[in-house]
Amino acid sequence: MINSGQLAADRLTEIAKISEDGPGVTRLPFTREHAVAVEMIESWMQDAGLQTHLDAAGTLVGRTNFTGATQTLYMGSHQDSVRQGGAYDGIMGIALPILALKELHNEGVVLPFNVEVLAFADEEGVRFPTALIGSRALTGTFDPDVLKLEDRDGISLEKAMQDFGLLPENIPNLKRNSDQALGFVEVHIEQGPVLQDANLSLGVVTAICGIERHSVTFHGVSGHAGTLPMRNRQDALVGASKLISFVHELALNTEHLRATVGALDISPNVVNAVPHEARLTVEIRSADDNVRSEAAQRFEVKAKEIAQTHGLKLNYDRTYAQHAQQCADSLKRPLTAAVEVHAGRALTLPSGATHDASAMADLGPIAMLFVRCKDGISHNPSEYASPEDMGDAINVIVLFLRSFPVWSKTLL
Ligand code: HGY
Ligand code: MN
Ligand code: MN
C-alpha cells in the first residue's frame with residue numbers, strides 16, 4: 001500500500017526545485033520552468049494511468065479513460081507560483097487528485113464518469129496583468145484581447161505562448177460542454193490559519209471571494225525639498241499616503257472586507273525632491289460583492305477629494321474584477337461527508353484567496369477542499385502542509401469519487 005501522503009510530499013518537494021533562482025518557488029507561465037514542470041506532472045499523470053495532452057492554453061490535461069462514461073468531473077489547480085512563493089499553492093491541487101486516481105487505478109476501480117485533472121498554466125497573474133487563462137479557456141470566457149498584454153520585459157502573452165509551442169488562436173476550441181460537466185473540485189492549501197486554529201487537517205469551502213483591482217496615479221509638481229515652502233507643495237506622495245491610510249482604516253473597520261495597497265512607485269524617487277507622481281494599486285476582496293463594490297466606490301470618491309485638497313491631478317482606473325463564487329451544495333455535501341469520515345469534523349470556511357475554481361464556476365458546480373496551512377503562511381517560501389494532512393485529503397478524494405452514485409443524482 002503506497003503512503004500517498006508521503007509520496008505527495010516527496011513529489012511537491014521535487015517539483016518545487018523547478019524554479020527561477022532565489023528563495024522559494026518562482027515558476028511563471030510559458031517559461032523554461034513551466035516546460036520542465038509540465039514534463040514532471042505528465043509523468044505523475046501517466047503513472048496514474050491517465051491519458052495526457054497539453055492544450056492550446058498551456059493546460060496539461062490528464063484524463064481517465066472509462067469508456068462509455070458520458071460525464072466528466074474536472075479537478076486540478078495551477079502549476080504557476082507567485083515570485084518567491086511556496087511549494088504547495090496550486091501545485092498541491094494537481095498532485096493530490098493524481099495520487100487519488102493512482103490508488104483507484106492500482107485497484108482496478110472503474111468509475112461511471114471520467115475525471116480530468118487540469119494543470120493550469122497561469123492562475124496567479126504575476127507575469128502578465130491577467131489571470132485564470134486556462135480555466136477561462138475551458139469555460140469559453142477567455143478574452144482574446146489579453147493576448148496583447150505584455151510582461152515586464154515587453155513580451156506579449158501571445159508571443160510567450162507561441163514561443164512555448166502553443167497555438168493561442170485555437171483557444172476558442174477548448175470550451176467544454178457544460179451538459180457533460182459534473183463540476184470542478186479543487187484541492188488547495190488553505191493559505192490562512194483557520195484550520196490550524198481549529199486543529200483540523202481539512203475544511204470545505206463555502207464561497208470564493210470576489211476581487212477588484214484599481215490602478216491609481218496622483219500627479220503633482222516636483223520641487224526642491226529645501227526651497228519649496230510647505231504650503232505651496234503639490235506632493236503626489238502625500239496624497240497617496242492619505243489614500244493608503246483611508247483604504248486600510250475602512251477595511252479594518254468593515255466586516256467581510258480586505259483591501260490592500262500592494263504596489264507603490266513614485267517619481268522622481270530621490271531624497272531631495274518633492275515627488276511629482278505616485279502610482280499605486282488598490283486590491284479589494286470580499287465574499288460579498290455588495291461589500292466589495294461599496295468599498296470600491298468609497299475609495300474612488302476619497303481619492304478625488306484628496307486630489308482636490310492637495311492640488312493634484314488623478315488617474316483612477318479599475319483594471320481587474322471578478323465576482324464572488326458560491327460553492328455548490330450538490331458537491332459540498334458529499335465532500336463534507338467524506339471529510340467527516342477521514343478528518344473528523346468538517347469545518348466550512350470562505351476562501352479569501354481566488355482560485356481557478358472562481359472561473360470554472362462558469363462551466364458547472366464547484367467545490368473546494370482546503371488542506372491545513374502551517375501558521376497560515378502562503379505566498380512565502382516557508383509555506384507548508386504536512387504529509388499526514390495531504391494523506392487525509394487524498395483519502396477524501398478517493399471516497400468522494402467512489403461515492404458518486406450518492407451525489408450524482410443531484411447533478412444529473
Ligand atoms: O491572489 C490570489 O488570491 C491567488 O493567490 N491568485
Ligand atoms: Mn492558488
Ligand atoms: Mn496564490
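The values are calculated or read from the model by the stated rules, or taken from the named source; none is laboratory data. Note that the coordinates shown come from a computational prediction; the quantities given were computed from them, not determined experimentally. FYI the Cβ positions are ideal-geometry reconstructions off the backbone, even for glycines, and counts take in every protein chain you see.
Quick one: how many residues across region 380-409 are surrounded by 17 or more Cβ atoms within 10 Å (Cβ to Cβ) and modelled with pLDDT under 95?
Within region 380-409, residues that are surrounded by 17 or more Cβ atoms within 10 Å (Cβ to Cβ) and modelled with pLDDT under 95 number 2.
Under 12 Å from residue 205 (Cα atoms) and within 15 Å of ligand 2 (Cβ to nearest atom): which single residue out of 346, 353 fits that description?
353
Only one of (1) among the hydrophobic types (A, V, I, L, M, F, W, C); (2) more than 16 Å from ligand 2 (Cβ to nearest atom); (3) in contact with a Ser or Thr (Cβ under 8 Å, 6 or more places away or on another chain); (4) within 27 Å of residue 88 (Cα to Cα) fails for residue 118. Which number is that?
Of the numbered conditions (1) among the hydrophobic types (A, V, I, L, M, F, W, C); (2) more than 16 Å from ligand 2 (Cβ to nearest atom); (3) in contact with a Ser or Thr (Cβ under 8 Å, 6 or more places away or on another chain); (4) within 27 Å of residue 88 (Cα to Cα), the odd one out for residue 118 is (2).
Mind listing whichever residues of region 148-170 are part of a loop (DSSP other than H, G, I, E, B) and either outside the structural domain of residue 369 (by TED's automatic domain parsing) or touching a helix residue (DSSP H, G or I) at 6+ places or on another chain (Cβ under 6 Å) (or both)?
149
Among the residues of region 129-149, write down those that are within 16 Å of ligand 2 (Cβ to nearest atom), buried (at least 21 other Cβ atoms within 10 Å of the Cβ) and not small (Gly, Ala, Ser).
132, 133, 136
With the requirement that a residue be polar (S, T, N, Q) and more than 13 Å from residue 381 (Cα to Cα), what does region 1-40 give you?
If the condition is that a residue be polar (S, T, N, Q) and more than 13 Å from residue 381 (Cα to Cα), then 3, 4, 6, 31 are the ones that fit.
Of the residues that sit in region 282-295 and are of a type outside the set (D, E, K, R) and surrounded by fewer than 17 Cβ atoms within 10 Å (Cβ to Cβ), which one is nearest to residue 259 (Cα to Cα)?
293
So is residue 193 over 30 Å from residue 276 (Cβ atoms), in contact with a helix residue (DSSP H, G or I) (Cβ under 6 Å, 6 or more places away or on another chain) and modelled with pLDDT of 95 or more or not?
So residue 193 passes the test.
Which residue, of 221, 185, is aliphatic (A, V, I, L, M), at pLDDT 95 or above and assigned by TED's automatic domain parsing to the domain that holds residue 94?
Within the list 221, 185, the selection yields 185.
Scan the strands (runs of 3 or more DSSP E) fully inside region 40-147 and keep the ones with 1 or more residues being within 16 Å of ligand 3 (Cβ to nearest atom) and within 22 Å of the chain's Cα centre (by Cα).
72-78, 114-120
Restricting to region 100-122, give me the number of residues that are touching a Leu at 6+ places or on another chain (Cβ under 6 Å) and surrounded by 24 or more Cβ atoms within 10 Å (Cβ to Cβ).
Final tally of qualifying residues: 2.
Return the only residue of 324, 303, 328, 307 being within 23 Å of the chain's Cα centre (by Cα), over 30 Å from residue 388 (Cβ atoms), modelled with pLDDT of 95 or more and not aromatic (Phe, Trp, Tyr).
Just a single option satisfies the conditions, and that option is 324.
Sort out which residues of region 70-122 are without any contact (Cβ under 8 Å) to a residue 60 or more places away in the chain, within 16 Å of ligand 1 (Cβ to nearest atom) and closer than 14 Å to residue 393 by Cβ, and write them in order of number.
94
From the list 226, 220, 239, 262, which one is in contact with a strand residue (DSSP E or B) (Cβ under 9 Å, 6 or more places away or on another chain), surrounded by fewer than 12 Cβ atoms within 10 Å (Cβ to Cβ) and not β-branched (Val, Ile, Thr)?
Every option except 262 fails the conditions.
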